[in-house]
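The values are calculated or read from the model by the stated rules, or taken from the named source; none is laboratory data. Not measured: the values here are computed from a predicted model. Here the Cβ positions follow ideal geometry from the backbone for every residue, glycine too, while neighbour counts run over all protein chains shown.
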Amino acid sequence: MTGLEAFVLTVITASTPFLLAAIGELVVERSGVLNLGVEGMMVMGAVCGFGAAHLTGSPWLGVLAAILAGAAMALLFGFLTQILITNQVATGLSITLLGLGLSGLIGSNLVGLPGEKMQPLNVFGLNEMPILGTLVFGQDPLVYISILLTLGVAYFLYRTRAGLIVRAVGQSHQSAHSLGYKVIAVRLSCIVFGGCCAGLAGAYLSLSYTPQWIENMTAGRGWIALALVVFSTWMPGRLAIGAYLFGTVWILGLYAQAWGIGIPSQFLSSLPYLATIVALILISTNRRLSVVNTPASLGQGFVPDR
Amino acid sequence: MECKIVSLHSTHEPPLLEVKNLVKQFGNLTANDHINLHIQGSRIHALLGENGAGKSTLVKMVYGALQPTSGEILWQGERVIVDSPARARELGIGMVFQHFSLFEALTVAENISLALPANLREGNLEQRISELSHDYGLTLQPDALVADLSVGQRQRIEIVRCLLQQPRLLIMDEPTAVLTPQEAQSLFTTLQRLTSEGCAVLYISHRLEEVKQICHGATILRHGKIVASVDPQIETAASLAQMMVGAEVHAVSHGTVAASGQPLIIAEQFSQAADTPFGVDLKAVNLQVRAGEILAIAGVAGNGQSELFAALSGEQTNNKPQAINMCGQACGHLGITQRRRIGAAFIPEERMGHSAVANFSLSDNIILSRHSLRDNHDQQSLVGRSGTINYTLARDINMHIGKVYDVRKGQPDPEAGSLSGGNLQKFVMGRELDRRPKVLVVNQPTWGVDAGAAALIRQALIDLARSGSALIVISQDLDEIFELADQIAVISRGYLSPAQPAQSLSAEQIGLLMAGAHETSTQAQTL
């Protein structure tokens, strides 16, 4: 295995959790909800996924548990913000804090235990192929799932009626409501989908990336995923590119010292956020971009007027 | 025998829509109090009333957007529960809202598709939109982005999306408020074609002349109750207005113009590029308004009115100070507060969010636009030298405005958001007029305001001008323009036509100017 191949492999593994968490959050934000609880949902997914896999010996049951844990956190977030109309920003932040604390509690007995690593696939036995074999055909299943999910979300948003409704609800909940669409139900479904994706991203960390449980093992990846959604201007294609870009930067931060590059790793790890700030500036200077892609009712609670 | 049954059936055919003893309460307020209404097919029925009379509440219940507290709705003689707009559309009821429920970031076709039931979405929707819009003379591009369209075009989307469902009853909420006279006429043609096909139209409007022109019947609401059902053909506009308001509406008295006043607002060859992709560039605008004079600027929405207002008010500043001159002072580079200090006042179009902050009390809203000025009554200042706010004065001003401009409110100093549209407009107008500004620029002073309040606002504007101020009134309402204006100019795609005395222009001429007849000549001038 060449050095470059190893580098690319680590980039893929670093990018996949970003992509998984961010594609879910993209759908949530497209429906007009700002979920700052991604980090908390992710870390709950990581601990529940690891725990379930450890108990049952099956990484797939771990994945299922992670998805359910993410969905449960999302349901709590959805109940608070959509039914009780609490402030989305404050609620999202508390969900993150809750997730970080709760996962530490659940995982206190799991620290240091051996994990169940998800085995890489060997698609059609092609991973023995030279050069691209392992890169294209020998990844673990969640990498393929993340790419399929991205394609699926892009298809859903732009080619299906349900996707059109989600975009409409995110554009103007008042108009969508007056046309008879169930704004709250649409948003709740999107929030739960986002939670499932965040849980899945957490499972990837504790079952594949580093198959063990470490407290706070998400290490701010949920925040990067959130930044990524803005960076992508809510477009799935750009989101995938951004996820791999941010993943590369993340890995460069680790490699920088080993390679003796004179850039401080702190600078590299702050790059995703800098990139997001640049993206925000570009969005705000290009009004067309913001009108067309930005969900206009992002972060606003919806109270039906009856 | 069979023949007889048919004839019997036709004479006893139930009305298309019947509303029986409909009541809607919001808390203590009875918005609709035992409303009874019959609507027959092939007829245009007007619903008249002041703001807050309960018209919108009533049609929202018919359209399923609100649920009645009690009473029943009969559709073709059968009792129905319209529990959602989708149910209403299923029955054959379509509605064109006053404030369009369109999604700016979506295309025309996507917007229409969202409002159609499943069975109508099949097949080539874009093609059907093109065909139908062509048939009814409502030109529309299915793949255009709504954000790029004018208000008139947006209304066409709403109409086309209703028509695609072949409604039996079409509800229209103030449809002509945003149209040119020519566009309104073509809308009437569309409506007449619809009624000839058997469709009924429930038509809400403040424009009584228009109601007389096209409606077959009219129901008048006041304070949530029906006060009269009349034939608009035999009533006069004045008698209709009187029934709506419950008292004589005072005709606006124009007074005499002192035409030799000093010019107080001057713009010479004023050009400004739009700062947004959907904005309109202002092109070599020339205007001059003398003391004592009202210049009315007509035009179809989206032709540069907002940009012109922003340039005059200082929301959008210009780096050339001489570009705009107010009260003898070059102020192109000055911001709003500085322009206010030299005696100008500005009232934008959107009362909520632009003129007033919804969840601020009225007295707080007074402070927002007058914080840097001395009160003209006793030269007190709302904000003291140390930056503290004089709330007592703010509340006094609020009470004064409430009394003089007849702002109806539940408490002495409620949140701006709790006022009805017309009352908030009276408050916002009062807040600025009360200062007796030397220069006033107002955009759409009576948009969505009922006849009584509109007359009050217009009279106040005229009185201010006659007391020696210079006014610019930007409006899409031609009746209003003729009522107010000494001079009329028309804005079209950023070009302003030369101002002409109001008496020398007819509605038709203005309509032609609205459609851009003067642009070529103005362009020639600039070259």
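Descriptive notes on the structure:
- Selection over segment B:305-361 of residues that are part of a loop (DSSP other than H, G, I, E, B), surrounded by fewer than 17 Cβ atoms within 10 Å (Cβ to Cβ) and not β-branched (Val, Ile, Thr) gives a count of 12.
- The single residue among B:GLU110, B:GLU158, B:GLU122 that is in the same structural domain as B:GLN192 (by TED's automatic domain parsing), within 21 Å of A:GLY180 (Cβ to Cβ) and at pLDDT below 85 turns out to be B:GLU122.
- Pairs where the first residue, in segment B:308-321, is without any contact (Cβ under 8 Å) to a residue 12 or more places away in the chain and the second is assigned to a loop (DSSP other than H, G, I, E, B), C-beta under 7 Å, 6+ apart: B:ALA310/B:GLN316
- Among the numbered conditions (1) within 12 Å of another protein chain (Cβ to nearest Cβ); (2) under 25 Å from B:VAL146 (Cα atoms), the only one that B:LEU66 does not meet is (2).
- When A:LEU271, A:LEU207, A:LEU226, A:LEU289 are screened for being closer than 30 Å to A:LEU105 by Cα and either modelled with pLDDT under 85 or touching a Phe, Trp or Tyr at 6+ places or on another chain (Cβ under 9 Å) (or both), only A:LEU207 passes.
- Test: residue in segment B:371-385 that is in contact (Cβ under 8 Å) with a residue 60 or more places away in the chain and part of a helix (DSSP H, G or I): no
- Residue list for segment B:206-230, restricted to those being in contact with a Ser or Thr (Cβ under 6 Å, 6 or more places away or on another chain) and assigned to a loop (DSSP other than H, G, I, E, B): B:GLY224
- The single condition from (1) away from every other protein chain (no Cβ under 14 Å); (2) on the phi < 0 side of the Ramachandran plot; (3) free of Cβ contacts under 8 Å to residues at least 12 places away in the same chain that A:ALA219 fails is (2).
- For segment B:496-527, a tally of residues being at pLDDT 90 or above and crowded, with 20+ Cβ neighbours inside 10 Å returns 3.
- Helices (runs of 4 or more DSSP H) fully within segment A:214-306 counting 3 or more residues that are under 28 Å from A:PHE79 (Cβ atoms): A:221-231
- Qualifying residue in segment B:121-136 (condition: under 23 Å from A:GLN174 (Cβ atoms) and touching a helix residue (DSSP H, G or I) at 6+ places or on another chain (Cβ under 8 Å)): yes
- Among the residues listed as B:LYS24, B:LYS60, the single one being touching a strand residue (DSSP E or B) at 6+ places or on another chain (Cβ under 6 Å), crowded, with 21+ Cβ neighbours inside 10 Å and not in a loop (DSSP other than H, G, I, E, B): B:LYS24
- Here is the figure for segment A:135-183: residues that are more than 14 Å from every other protein chain (Cβ to nearest Cβ), more than 21 Å from the chain's Cα centre (by Cα) and outside any loop (DSSP other than H, G, I, E, B) total 3.
- For segment A:109-117, the criterion of being part of a loop (DSSP other than H, G, I, E, B), at pLDDT below 95, surrounded by fewer than 16 Cβ atoms within 10 Å (Cβ to Cβ) and within 14 Å of another protein chain (Cβ to nearest Cβ) is met by none of the residues.
- Here the condition is being assigned to a helix (DSSP H, G or I) and at pLDDT below 90; of B:PHE482, B:PHE427, it holds for B:PHE482 alone.
- Checking B:LEU461, B:LEU440 one by one, the residue that is aliphatic (A, V, I, L, M), touching a strand residue (DSSP E or B) at 6+ places or on another chain (Cβ under 8 Å) and assigned to a helix (DSSP H, G or I) is B:LEU461 and no other.
- 3 or more residues more than 26 Å from B:LEU16 (Cα to Cα) and within 14 Å of another protein chain (Cβ to nearest Cβ): qualifying helices (runs of 4 or more DSSP H) within segment B:108-205: B:108-114
- When B:LEU74 is tested against the conditions (1) away from chain A (no Cβ under 11 Å); (2) crowded, with 23+ Cβ neighbours inside 10 Å, the lone failure is (2).
- Residue selected from segment A:184-216 under the condition surrounded by fewer than 24 Cβ atoms within 10 Å (Cβ to Cβ) and among the hydrophobic types (A, V, I, L, M, F, W, C), by the criterion farthest from the other protein chains (Cβ to nearest Cβ): A:ILE214
- Selection within segment B:309-355 - in contact with a His (Cβ under 9 Å, 6 or more places away or on another chain) and under 12 Å from B:SER369 (Cβ atoms): B:THR337, B:PRO348
- Restricting the first member to segment B:444-466 and to residues that are within 12 Å of B:GLU480 (Cβ to Cβ), and the second to residues that are of a type in the set (S, T, N, Q) and part of a helix (DSSP H, G or I), the beta-carbon pairs closer than 8 Å and six or more apart or on different chains are B:PRO445/B:GLN425; B:THR446/B:GLN425; B:TRP447/B:GLN425; B:VAL449/B:GLN425; B:ILE457/B:GLN425.
- Candidates A:ARG187, A:ARG221, filtered to the one that is of a type outside the set (A, V, I, L, M) and more than 19 Å from A:ARG167 (Cβ to Cβ): A:ARG221
- Segment B:83-96 - residue that is in a loop (DSSP other than H, G, I, E, B) and within 11 Å of chain A (Cβ to nearest Cβ) and, of those, modelled with the lowest pLDDT: B:SER84
- Residue in segment A:270-293 that is within 14 Å of another protein chain (Cβ to nearest Cβ), surrounded by 14 or more Cβ atoms within 10 Å (Cβ to Cβ) and in contact (Cβ under 8 Å) with a residue 60 or more places away in the chain present: yes
- Hey, B:ARG79 of a type in the set (Lys, Arg) and within 14 Å of chain A (Cβ to nearest Cβ) or not: no
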